[in-house]
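K.L.:
Okay, handing you the structure first.
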Amino acid sequence: MDGADWVREVRLVNARVLTPIDTGATELSLRDGIITEVSRATSAMVVDCEGDLLIPGLIDLHTDNIEHHFHPRPGVTWPSALSAALAHDAQMLAAGITTVLDSLSLGDYDSAGARTRMLHSAIAGLDQAHAAGLLRADHYFHFRCELSDGGLLPIIEDHVDNPRLRLMSMMDHTPGQRQWQDVALYREFRRKKNKRVWSDEEWQAYLDDRLAQQARFVPEARAIISDHGRDKQVRLASHDDTTIEDVEQSHGDGISISEFPTTLAAARRARELGQSIVMGAPNVVLGGSHSGNVSAMALAEEGLLDVLTSDYVPASLLSGAIQVGERLGDLGAGVATVTSRPADLLGFTDRGRLEPGLRADILQVRIVAGQPVIRGVWAAGRRYF
């Protein structure tokens, strides 16, 4: 691949190789894209890592980043799906993310079909890039399903058989519950983000309409998505569970992943029910939720954080993992939230750890002024940075 440093066999030396059990390894050998040895031996053929960390390539199960490349500014739609997909791919790899679940929103509230057109274009662009061998990171799909949207189910049927679909999450952004329990906050959010201004009468009519749509569409959508998850062996996640009742409903639907619980009570109940808990890395890096939800670091300190995702900032993933590791006094535990744990959660058995026989997805990282700096990226044995 253009721009890649492709050598069939290479040894990385003078490194601190981060493995689940610290063996003091300083060298890593790769051959044909696979890790062959983790050792303390020496070799004449070397890439000197100058004492940097070697960690597995990051696995991101939720990023909205591709949407920024299709709509780089309000009112602007990028004309080439392929170039948008490739720009997104390059940005993810530069952030150290070698396996990415592109998180695409299925639902079209108030966009006159724009979001659905972008969805189809993004999937087509990524599929084209994948078929042509142009992607550097390994891309899969995460469908975020807006349950109360009447147009959801036909969109799901169009794409549910995509072989790279790995995860589906159930969202319900009806005002008055979950993330938007405070309808005044929702009204203000829509004013700022979408420049939507309602009179009090218009606002009440809007609320009534949304509640009617929720009652009409959500029960069937939840049931059908649960069926698809079971029949097609696609993982299912909840989204923004807020109350204990929300969590119990998700658990009843066969959901095993609690993504972005908004309260400590919801996270605790998710853990009691055996759900894995996923939080956004920007929440960690920013010192808390920008929406006023529970702190991801607070969950980590209670043992209630399993996986971090980049959400809307690719560079946050590595930074958040390092910060969690430093707070817990266990760097390996922090790195696991973005490597081995998401691999296990998504059923990837060939990556997420630096062990012989696994994919050679590797980052060379140096900590500078408390910040992780990526100094090398190998994806399936090819060096890109």
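K.L.:
Go from 0 up to the bin containing the longest alpha carbon distance in the range 248-385, width 10 Å each, and give me the % of pairs per bin.
P.N.:
P(r) over the range 248-385, rounded to whole percents: 12, 39, 34, 13, 2.
K.L.:
Please rank Glu201, Glu220, fewest neighbouring Cβ atoms within 10 Å first, as an exposure proxy.
P.N.:
Ordered from fewest to most neighbouring Cβ atoms within 10 Å, Glu201, Glu220 come out as Glu201, Glu220.
K.L.:
How big is the antiparallel share of DSSP beta bridges in the chain, given as a percent to the nearest 5?
P.N.:
40 percent
K.L.:
Treat the count of other C-beta atoms within 10 Å as a stand-in for reagent exposure and order Ser319, Ser291 from fewest to most.
P.N.:
The most exposed by this proxy come first: Ser291, Ser319.
K.L.:
Let me ask something else. Going highest first, how would you order 343-349, 322-328 by mean Cβ packing within 10 Å?
P.N.:
Packing order, densest peptide first, comes out as 322-328, 343-349.
K.L.:
Let me ask you something else. Sort Met118, Met279 by Cβ crowding within 10 Å, fewest neighbours at the top.
P.N.:
Met118, Met279
K.L.:
Considering Cα pairs under 8 angstrom that are at least six residues apart, work out the relative contact order of the chain and quote it in whole percent.
P.N.:
Answer for the chain is 20 percent.
K.L.:
Could I ask something else about it? If you find the alpha carbon centre of the range 131-178 and of the range 48-113, how far apart are they in angstrom?
P.N.:
15 Å
K.L.:
Build a GNM of the chain with springs between Cα atoms under 10 Å: which of Ala300, Ala265, Ala94 gets the top mean-square fluctuation?
P.N.:
Looking only at Ala300, Ala265, Ala94, the biggest GNM fluctuation is shown by Ala265.
K.L.:
Still on this model: Within the range 314-351, which residues have the backbone N less than 11 Å from the label spot 7 Å out from Glu301 along Cα→beta-carbon, could you tell me?
P.N.:
Only 327-328 fall inside the zone, counting backbone N under 11 Å.
K.L.:
Moving to a separate point now. If each DSSP helix of 4+ residues adds -39,500 (n - 2.57) and the sum is divided by the residues in the chain, what number results at 222 nm, nearest 500 deg cm²/dmol?
P.N.:
-11500 deg cm²/dmol
K.L.:
Now a separate question. Once you compute Rg and the Kirkwood Rh from C-alpha atoms, what is the Rg to Rh ratio for the range 58-350?
P.N.:
Ratio of gyration radius to Kirkwood radius for the range 58-350: 0.94.
K.L.:
Could you give the nm distance between label points at Val373 and Gln233, where each point is 7 Å from its Cα heading toward the beta carbon?
P.N.:
Once both label points are built, they end up 4.4 nm from each other.
K.L.:
Between Arg8 and Ser83, what FRET efficiency follows from the Cβ-Cβ distance if R0 is 41 Å, with the result rounded to 0.05?
P.N.:
So, using R0 = 41 Å, E works out to roughly 0.85.
Only the coordinates and a few stated rules stand behind these numbers; no lab work does. Just so we're clear, the structure is a prediction, and the values are computed from it rather than from any experiment. FYI the Cβ positions are ideal-geometry reconstructions off the backbone, even for glycines, and counts take in every protein chain you see.
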